[in-house]
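J.: Mind looking over this structure? Questions follow.
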Amino acid sequence: MNVQFKKGVLTLCVLVLTLKKDRYGYELVDHISEKFLIAEGTIYPILRRLTKDGYFTTYLSESKEGPPRKYYQLTEAGKLYAEELIGEWETFNKGVDQLIKEGLDHDEG
Amino acid sequence: MMKDEFLKKLRSHLVKIPEKEKQEILSDYVEHFQHGFHKGRTEEEMVRTLGDPRKIARELIADYHLERAQENQSFVSLFRATFTFLGLGFFNLVFMLGPLIIVLSVIFSMYVTSLILLITPLFAIEALLMESSLLEFLLRLLTSLIGAGVGLLLGMGTVRFSRTFFGWFIRYLKSNLNIIKGVNKHA
C-alpha cells in the first residue's frame with residue numbers, strides 16, 4: 001500500500017481509538033494490528049508527531065501487572081482534528097464504495 | 001535480528017537528532033518490547049513485526065526537520081524536511097522543488113535589494129566629500145532617503161511574505177502526511 005495513504009489511515013485510527021479513553025502505545029499498536037497488517041514500529045512516530053502538534057498529551061502510569069505505560073490523552077484540538085479526519089474518511093469511503101458498486105453492477109449487467 | 005540490535009540500528013540511523021529526543025524515541029520502543037514480552041511474544045517475532053528501523057528513523061528525521069523549520073523559520077530545515085519526505089516515497093514533492101527554489105531566490109533577491117536601498121544615503125555623504133555643491137548634495141540626500149524608505153518598506157514586506165510562504169509550505173508538507181485529504185480535495 002502507498003506509504004502516504006497508510007500514514008493517513010493510521011493517524012485516523014489512533015485518534016479514533018483514543019476518543020473515548022486514554023490508551024498506551026502498545027495497546028494502540030495491538031488494536032490496530034488486530035485489524036490489518038502494519039509495520040508496528042510506524043505507530044510510534046505518528047504518536048510522537050501528534051503529541052508535538054498538540055493533539056495529545058502524555059502521562060506515565062505504573063501498572064500492577066506488567067511494565068509502566070505511557071498513556072496518550074486527546075486534547076481539545078485533538079478531538080477537533082479527529083472529527084475532521086473522520087469526515088474526510090467518510091467522504092472518501094463513500095466515493096470508493098460507489099465506484100465498487102458501479103463496477104460490480106456493470107460486470108453483472 | 002534481536003531486540004538490542006533493533007534498538008542499536010534505530011539509534012544509529014537517527015542522525016542529526018539531539019540526544020534527548022533520541023532517548024525519548026528509543027524509550028517508546030523499549031516499552032513496546034517490555035509489553036510484548038509480558039504478553040509472551042518472542043524477540044524475533046516482535047522485531048519482525050516492528051518493521052525496518054531505517055525506515056522508522058527516516059520518518060522521525062523528516063518530522064524533526066519539519067518541526068525545526070516551523071520553530072526557527074529555517075530554510076535549511078525546510079529543504080531537509082522536503083528531501084527526507086522525498087526519501088520516504090512522497091514523490092509528489094518533486095514537483096514542488098522547482099517552485100520552492102524559485103520562491104526562495106525571489107525572497108533572497110528582495111532582501112538584497114532592500115539592503116542596497118537602505119544604505120543609499122551613505123552615497124549622498126560620499127557626494128559631499130567629493131566637493132560638489134550643497135544643492136547637489138541636498139538633492140542626492142533627498143533621493144537617497146526616499147530610496148532608503150522604499151528599501152525599508154520592501155524589507156518589511158519581504159519578511160512578511162517569507163513568513164506567510166513558510167507557514168504555507170509547512171502546512172503543505174504536513175498535509176502530505178495525511179493523504180486522505182489529498183485524495184478527496186475536489187470532493
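Throughout, read-outs are computed from the coordinates displayed, never taken from laboratory work. No experiment lies behind these values; they were computed from the predicted model shown. FYI the Cβ positions are ideal-geometry reconstructions off the backbone, even for glycines, and counts take in every protein chain you see.
J.: Kindly list the residues of segment B:24-59 that lie in the label zone of A:Ser63, defined by a backbone N under 13 Å from the point 7 Å along the Cα-to-C-beta vector.
T.: B:31-40
J.: Beyond 31 Å between alpha-carbons counts as too far, so tell me which of A:Lys21/B:Lys8; A:Lys21/A:Lys64; A:Lys64/B:Lys16 fall in that bin.
T.: A:Lys21/B:Lys8; A:Lys64/B:Lys16
J.: For peptide A:34-47, how many partner chain Cβ atoms fall within 10 Å of a residue's Cβ, on average?
T.: 5
J.: Quick one: plug the Kirkwood hydrodynamic radius of the protein assembly as shown (C-alpha pairs) into Stokes-Einstein at 37 °C, 0.692 mPa s, and report D in µm²/s. List each step's numbers first, then the result.
T.: Numbers: Rh = 22.8 Å.
D, rounded to a whole number, is 144 µm²/s.
J.: Using alpha-carbon pairs under 8 Å, 6+ residues apart, how would you state the relative contact order of chain A in percent?
T.: 27
J.: Quick one: Karplus J couplings for segment B:34-51, per residue in order, coefficients 6.51, -1.76, 1.60, θ = phi - 60°, nearest Hz, x for Gly and Pro?
T.: Each residue of segment B:34-51 in turn: 4, 5, x, 4, 4, 7, x, 7, 8, 4, 4, 5, 5, 4, 5, 7, 5, x Hz.
J.: Which residue, B:His32, B:His65, B:His13, has the most motion in a Gaussian network model of chain B that connects Cα atoms within less than 10 Å?
T.: Evaluated over chain B, the most mobile residue of the options is B:His32.
J.: Helix A:76-108 versus the longest principal axis of chain A: what is the Cα-based angle in degrees, 0 to 90, to the nearest 10?
T.: That works out to roughly 30 degrees.
J.: Between A:Tyr24 and residues 5 or more places away or on another chain, which pairs have amide H atoms under 5 Å apart, with H built 1.01 Å from N, and which residues are they?
T.: Distant-sequence amide H within range of A:Tyr24: A:Tyr72.
J.: About its Cα centre, what dipole magnitude does chain B give when the only charges are +1 on Lys and Arg Cβ and -1 on Asp and Glu Cβ, stated in debye to the nearest 20?
T.: Approximately 580 debye in magnitude.
J.: Calculate the spin-label point distance for A:Lys79 paired with B:Glu24, positioning each point 7 Å from the Cα along the beta-carbon direction, and give it in nanometres.
T.: For the pair B:Glu24/A:Lys79, the computed spacing is 2.5 nm.
J.: State the extension gain, in nm to one decimal, for the chain segment bounded by B:Val15 and B:Ile146, taking 0.36 nm per residue of separation less the distance between their alpha-carbons.
T.: Length gained, B:Val15 through B:Ile146: 42.2 nm.
J.: Which one, A:Leu80, A:Thr42, A:Asn93, is farthest towards the positive end of the dipole of the protein assembly as shown when Lys and Arg carry +1 and Asp and Glu -1 on their Cβ?
T.: Of the candidates, A:Thr42 comes out farthest on the positive side.
J.: Here's a follow-up. To the nearest 20 debye, what charge dipole does segment B:1-109 have about its Cα centre, counting +1 at the Cβ of each Lys and Arg and -1 at the Cβ of each Asp and Glu?
T.: Using Cβ point charges on Lys, Arg, Asp and Glu, segment B:1-109 gives about 240 debye.
J.: OK, next. Hey, what's the Kirkwood Rh for chain A if you take every pair of different alpha carbons, in angstrom?
T.: 15.5
J.: Kindly flag which residue pairs out of A:Lys70/B:Lys9; A:Lys35/A:Lys79; A:Lys35/B:Lys3; B:Lys20/B:Lys174; A:Lys6/B:Lys55 have an alpha-carbon separation exceeding 18 Å in this structure.
T.: From A:Lys70/B:Lys9; A:Lys35/A:Lys79; A:Lys35/B:Lys3; B:Lys20/B:Lys174; A:Lys6/B:Lys55, over 18 Å: A:Lys70/B:Lys9; A:Lys35/A:Lys79; A:Lys35/B:Lys3; B:Lys20/B:Lys174.
J.: Along its three principal axes, how long is segment B:90-177 when you only count alpha carbons? Whole Å, largest extent first please.
T.: 65, 18, 12
J.: Okay, moving on. Note down the relative contact order for chain B as a percent, whole number, built from C-alpha pairs under 8 angstrom at least six residues apart.
T.: 17
J.: Using only the C-alpha atoms of chain B, find the volume of their convex hull and express it per residue in Å³.
T.: It is 162 Å³ per residue.
J.: Projecting each Cα onto the charge dipole of chain B (Lys/Arg +1, Asp/Glu -1 at the beta carbon, about the Cα centre), which of B:Leu142, B:Pro99, B:Val112 comes out farthest on the positive side?
T.: The Cα lying farthest towards the positive end belongs to B:Pro99.
J.: Shifting gears a bit: In debye, nearest 20, what is the charge dipole magnitude of chain A about its Cα centre with +1 on Lys and Arg Cβ and -1 on Asp and Glu Cβ, if you could check?
T.: 680
J.: Quick one: Karplus J couplings for segment A:65-74, per residue in order, coefficients 6.51, -1.76, 1.60, θ = phi - 60°, nearest Hz, x for Gly and Pro?
T.: Ordered by residue, 3J(HN,Hα) equals 9, x, x, x, 10, 9, 8, 10, 10, 5 Hz.
J.: For the pair B:Ser74 and A:Ala39, what calculated FRET efficiency results from E = 1/(1 + (r/R0)^6), where r is the Cβ-Cβ distance and R0 = 25 Å, to the nearest 0.05?
T.: Working from the Cβ atoms, E equals 0.25.
J.: Check A:Phe56: other-chain or 5+ apart residues with amide H under 5 Å from its amide H, H built from backbone geometry?
T.: Amide H to amide H, under 5 Å and 5 or more residues apart or across chains, A:Phe56 pairs with A:Thr51, A:Thr75.
J.: Under the rule of at least 5 residues apart or a separate chain, name every residue whose amide H is placed under 5 Å from the amide H of B:Gly51.
T.: Here A:Glu40, A:Gly41 satisfy the definition.
J.: Restrict the search to segment B:30-80; then list the trypsin sites (Lys or Arg not before Pro) that DSSP places in a loop and that have at most 14 other Cβ atoms within 10 Å of their Cβ.
T.: Loop-located and lightly packed - B:Lys39, B:Arg41.
J.: May I ask you to compute the full-extension gain from B:Val106 to B:Ile125, defined as 0.36 nm times their residue separation minus their alpha-carbon distance, rounded to one decimal in nm?
T.: Between B:Val106 and B:Ile125, full extension yields an extra 3.8 nm.
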